[in-house]
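What follows is a set of notes on a single structure, which appears directly below.
Each reported figure results from applying straightforward, stated rules to the coordinates on display, with no laboratory input. Please read all numbers here as calculations on a predicted model, not as lab measurements. Glycine also receives a Cβ, built like all others from the backbone with ideal geometry; neighbour counts cover every protein chain displayed.
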Amino acid sequence: MPTSISDATLSSQDKQCIREYALAQGFEAVGFTGADFGDLPGQHLAEFIDKNRHGDMDWIVEKADRRRHPQALWPDAQTVLMLGLNYGPETDPLAFADQSDRGLISVYAQGRDYHDVVKKKLKRIARWIVQTYGGDVKVFVDTAPVMEKPLAEAAGVGWQGKHTNLLSREFGSWLFLGSVFMTLKVAPDLAAQGSCGSCTACLDICPTKAFPAPYQLDATRCISYLTIETRRHIPREMRPLIGNRIYGCDDCLAVCPWNKYAEQAAEMVLRPRPELVAPRLHELVALDDPAFRALFAGTPVKRLGRNRFIRNVLIAIGNSGDPVYVAKVRPLLEDPSAIIRVAAIWALSRLAPSAAFAGEKQRLAGSETDADVIAEWDCNEGG
């Protein structure tokens, strides 16, 4: 029965009812843990920041105090309901990794933006909990300062593998996470028990060697960070390592042996749009802002914005080594965005003969005022 007591303790039967309701909303993994889950995750976060492995993700530093512990974010929280939604792909995410005329978009971004899908379900569950049992609730998807993976591990949803991502015996690498913080007290589930054993497949495949050690990530070397998070120019030494990945990277997830148990996503809106599965680079590089917004409407890619996306496409084009793209790259040397102009210079330096590259540099001499663009011209000599 509903109660007005915010810190009421629910019975095991109540807990099972919540679990069944969450499963009925489409979540495939459900677990409970106490909001006071210890200081160790916060210590790992502090070490991550101290080693500057967060790069220019300043929001991690700014909200570190609230992120380190659920009750630092919301002191009244007693229980965290952790939920997982399967987004398993139908085909091998690395199937087009060696096709240099295609761009790889991470599996999670090929369909509907999961933030919208997950949050809608979370809100429905939260309303039902309050209506049924009382108390107060807050819902979070990963844009909030919540350490979701440690919480999911504590709640028995899965465990963090050597690549620092969550692994599940039932769904492998492919779970979106969401959480409902509650003032209600619910008996916690047992923490997940799992092991990577001696396997290092995820560490070995990483193109940029972003893992300093098992269970540690240097985000500044991660392709997902480089193509999504950073608003700066991608470092020159990283560009050749990115290959044809234009939004995120699935390499470490895709090779995990636990994926043999994974299933294709049941949620239809999360399944890939055909036009976003390895699209052709020559079509993407020609996108203006309206065309970019139309193509990626409703997906996570849209939030990246056209300028950074075209930056990524130009890096992939440069890595293709195919001079057929020169005609597509040349107009972008004069794009209004400096971040595009820098990437276009680098791509042209890998595709055009030295004389042609020098000719473009001479043609634009005196018209450029951005220091980063000028430096990029000076750092490249052409093919």
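Odds and ends about this structure:
- Whole-angstrom gap from the stretch 121-136 to the stretch 211-225, using each part's C-alpha centre: 37
- Of the GluC sites (Glu not before Pro) in the stretch 148-180, those whose Cβ has at most 16 other Cβ within 10 Å and which sit in DSSP loop: GLU170
- Cα shape, the stretch 177-268, gyration tensor, a/c 1.5 rule: prolate
- Least to most buried among HIS233, HIS115, HIS163 (fewest other Cβ within 10 Å first): HIS115, HIS233, HIS163
- Summing +1 for each Lys or Arg and -1 for each Asp or Glu among the other residues whose beta-carbon sits under 13 angstrom from that of ALA352 gives +2.
- Most fluctuating residue given options CYS202, CYS17, CYS222, as computed from a GNM of the chain linking Cα atoms under 10 Å: CYS17
- Neighbour-count order for TRP346, TRP258, fewest beta carbons within 10 angstrom listed first: TRP258, TRP346
- For the chain, modelled as a GNM whose springs connect Cα atoms under 10 angstrom apart, the maximal fluctuation among ALA371, ALA356, ALA316 occurs at ALA371.
- Working note: Debye formula, equal point scatterers on the alpha-carbon atoms of the stretch 86-220, no solvent; log10 I(q)/I(0) at q = 0.12, 0.13 Å⁻¹ is -0.61, -0.71.
- Placing unit charges on the Cβ atoms of the charged side chains and taking the dipole of the chain about its Cα centre, the candidate lying farthest along the positive direction among ILE345, ALA355, TYR247 is TYR247.
- Label-to-label distance, nm, for residues given as CYS199 and MET57 (7 Å Cα→Cβ offset): 2.4
- Cysteines without a disulfide-compatible partner [the chain; Cβ-Cβ under 4.7 Å]: CYS17, CYS196, CYS199, CYS206, CYS222, CYS249, CYS256, CYS379
- Low-density loop positions, GluC sites (Glu not before Pro), the stretch 27-134 - DSSP coil, at most 13 other Cβ in 10 Å: GLU90
- DSSP-assigned coil residues among GluC sites (Glu not before Pro) in the stretch 297-383, each with at most 11 further Cβ atoms within 10 Å: GLU381
- Within straight-line cross-link reach of LYS185, lysines at Cα separation under 23 Å, skipping those fewer than 8 residues along the same chain: LYS15, LYS119, LYS121, LYS123, LYS138, LYS149
- Relative to the dominant Cα principal axis of the chain, helix 338-351 is inclined by about 60°.
- Every Cα-Cα pair of the stretch 252-380 was included, and the share exceeding 19 Å stands at 56 percent.
- Cα centroid of the stretch 264-304 to Cα centroid of the stretch 37-75, whole Å: 32
- Extension gain from ASP92 to ARG231, taking 0.36 nm per residue of separation minus the Cα-Cα distance: 47.1 nm
- Based on the convex hull around the alpha carbon atoms, the chain presents an average projected area of 19.4 nm².
- Over the residues of the chain, the helix contribution to mean residue ellipticity at 222 nm works out to -10000 deg cm²/dmol, using -39500 (n - 2.57) for each DSSP H run of at least 4.
- Ranked list, fewest to most other Cβ atoms within 10 Å of each Cβ, for TRP174, TRP159: TRP159, TRP174
- Summed residue charge, Cβ within 13 Å of GLN99's Cβ, Lys/Arg positive, Asp/Glu negative: -1
- Approximating the spin labels as points 7 Å out from Cα along Cα→Cβ, the GLU47-to-ASP288 distance works out to 5.2 nm.
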